[in-house]
Amino acid sequence: MRRSMKRALWAPAVLLVASATLAACGSSGSGPASSSASASSGSGSGASGSLKTGLKVFIIPKNLGNPYFTTSDSVKSGGALAALQALGETGTETSGTAATPASQIPAIQSAITKGANVLIVSATDPSALCPTLNSAMTKGITVVMYDSDAPACRDLFVNQASTAQIGTSEVDLLAKEIGGSGDIGIVSAAASAPNQNAWIGYMKQELKKYPKMHLVSIVYGNDDPTTATQVTQGLLQQHPNLKGIISPTTVGILAAAQVVDSPKYKGKVAVTGLGTPDSLKKYVADGTVQAFELWNPANLGYLAAYAAVNLASKKITNAAGQSFTAGKLGKYTVAAGHSILLGPPFVFTKANINNFNF
């Protein structure tokens, strides 16, 4: 599906999300934490005519306190909770504080107990969540995945960008920076993360185009800043001739940039991957990072909310060819595999990064 880059990624205007907004939003307790944004509910027509209103929608990202998901979900950024508010639904963001199934599953179970009509989930594992989510679907609960998929236990997946395009383009970016030659490493999130592993699979395929580039190690930072920093340091120590790092995770690329931004590594080790512009502006400005990619995470959450409400309202099914309008983002169509594609990734460089604030 094709649409203009401007509408798919950056509509409407640039988000005004201050750095403070992207700080941790999770609880330090052992149970699931949550935050809510509710709109008036009722049985009448909502903002989209015959869509149901008053649905109880629970947004369950991989973990709370992750700036990426703060942006994708929050009202202030124009994410999923903002869409639900506009649609007249009761929206609640909830999850654990670690990006693991053990932390995420209790939040899903709690949402089901609280009478959820819709679950919007970013999967920490492609299969570990399935017993809980399949049980939810047998109860008539609509399950929509966003960001990271668990194909065996959902009705619909809202994909941020083409899986193949993300993986191949990151390799191409790094190859351009290091002249297509040298040892490289990958700083991933969790070893079980479905989206990370899918992208890395395409990276490995794309590396066949560059026979002088060698992937020497994949390390896992678990979307935790401290862990990501430690594994990046270990990667550089273990491979002193490393020429580049790809980190397809917003937490990992920031940690990698911070480690490489030193006299020992800057200008010698290239860093690219998936990141938010606000977090990386300093490192793009000083030359540590030349180029990186992402989509608008707020638009991803917003699209997931519209898709979920349309599906739960039975305005669409999850069959290929079904279409709906996602508010400010315009019309989308369900593709093969019961999936919806937000749009292509966008490359940030020194020439354009200051045009974006999120």
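The values are calculated or read from the model by the stated rules, or taken from the named source; none is laboratory data. Being a predicted model, the structure only gives us computed values, none of them experimental. Counting neighbours? That spans all protein chains shown, and the Cβs are built from the backbone with ideal geometry, glycine included. The accessibility values were calculated without ligands, DNA or RNA, using every heavy atom of the protein model including side chains. Shrake-Rupley method; radii C 1.70, N 1.55, O 1.52, S 1.80 Å.
Relative contact order of segment 219-314, please, whole-number percent, based on alpha carbon pairs below 8 angstrom and at least 6 residues apart.
Once divided by the residue count of segment 219-314, the mean separation gives 22 percent.
When only Cα pairs under 8 Å and 6 or more residues apart are kept, what is the percent relative contact order across the chain?
Relative contact order comes out at 20 percent.
Step through the residues of segment 96-104 one at a time and calculate ³J(HN,Hα) from phi using the Karplus curve (6.51 cos²θ - 1.76 cosθ + 1.60, θ = phi - 60°), rounding each to whole Hz and writing x for Gly and Pro.
Computed from phi, the couplings for segment 96-104 are x, 9, 10, 7, 9, x, 4, 7, 7 Hz.
Ignoring ligands, DNA and RNA, what percent of the accessible area of segment 40-142 is carbon or sulfur (1.4 Å)?
54 percent
Would you please state the base-10 log of I(q)/I(0) at q = 0.26, 0.29 1/Å for segment 202-262, with intensities from the Debye formula using one equal scatterer on every alpha carbon?
Ignoring solvent entirely, the Cα scatterers give -1.13, -1.26.
How large a share of the accessible area of segment 145-229, in percent, is made up of carbon and sulfur atoms when the probe is 1.4 Å and the other protein chains stay in place?
Accessible surface attributable to carbon and sulfur in segment 145-229 totals 51 percent.
Along the principal axes of its C-alpha atoms, what lengths does segment 264-358 span, in descending order and rounded to whole Å?
That gives 57, 24, 18 Å along the principal axes, largest extent first.
Can you give me the relative contact order of segment 78-231 as a percent, contacts being Cα pairs under 8 Å and 6 or more apart?
Across segment 78-231, relative contact order equals 18 percent.
Note the angle between two axes, namely the Cα long axis of helix 225-238 and the longest principal axis of the Cα atoms of the chain, as a number of degrees from 0 to 90, rounded to the nearest 10.
30 degrees
Would you give the gap between the C-alpha center of segment 130-182 and the C-alpha center of segment 303-344, rounded to a whole Å?
16 Å
Show me 201-207, 262-268, 101-107 ranked by packing, highest mean number of other Cβ atoms within 10 Å first.
Descending mean neighbour count gives 101-107, 201-207, 262-268.
Would you mind working out the accessible area per residue for the chain, using a 1.4 Å probe, and quoting it in Å²?
38 Å²
To the nearest 20 Debye, how big is the dipole of the chain about its Cα centre, given +1 on the beta carbon of each Lys and Arg and -1 on that of each Asp and Glu?
700 debye
Could you give the semi-axes, largest first, of the ellipsoid that matches the chain, computed as the square roots of 5 times the alpha carbon gyration tensor eigenvalues and rounded to whole Å?
34, 20, 19
To test your reading of the geometry: what angle, between 0 and 90 degrees and rounded to tens, separates the Cα axis of helix 163-178 from the longest principal axis of the chain?
On a 0 to 90 degree scale, this one is about 20.
So what's the angle, to the nearest 10 degrees on a 0 to 90 scale, between helix 297-312 and the longest Cα principal axis of the chain?
It is inclined by approximately 30 degrees.
Taking a ≥ b ≥ c as the square roots of the Cα gyration tensor eigenvalues, with a/c under 1.5 meaning rounded and otherwise prolate when a/b beats b/c, else oblate, which class fits segment 40-177?
It is prolate, given that a/c is not under 1.5 and a/b is the larger ratio.
Filter the trypsin sites (Lys or Arg not before Pro) in segment 133-176 to those in DSSP coil with at most 12 other Cβ atoms within 10 Å of their Cβ, and list the result.
Lys139
With n ≥ 4 as the cut-off for DSSP H runs, can you work out [θ] at 222 nm for the chain, using -39500 (n - 2.57) per run divided by the number of residues, rounded to the nearest 500?
-10500 deg cm²/dmol
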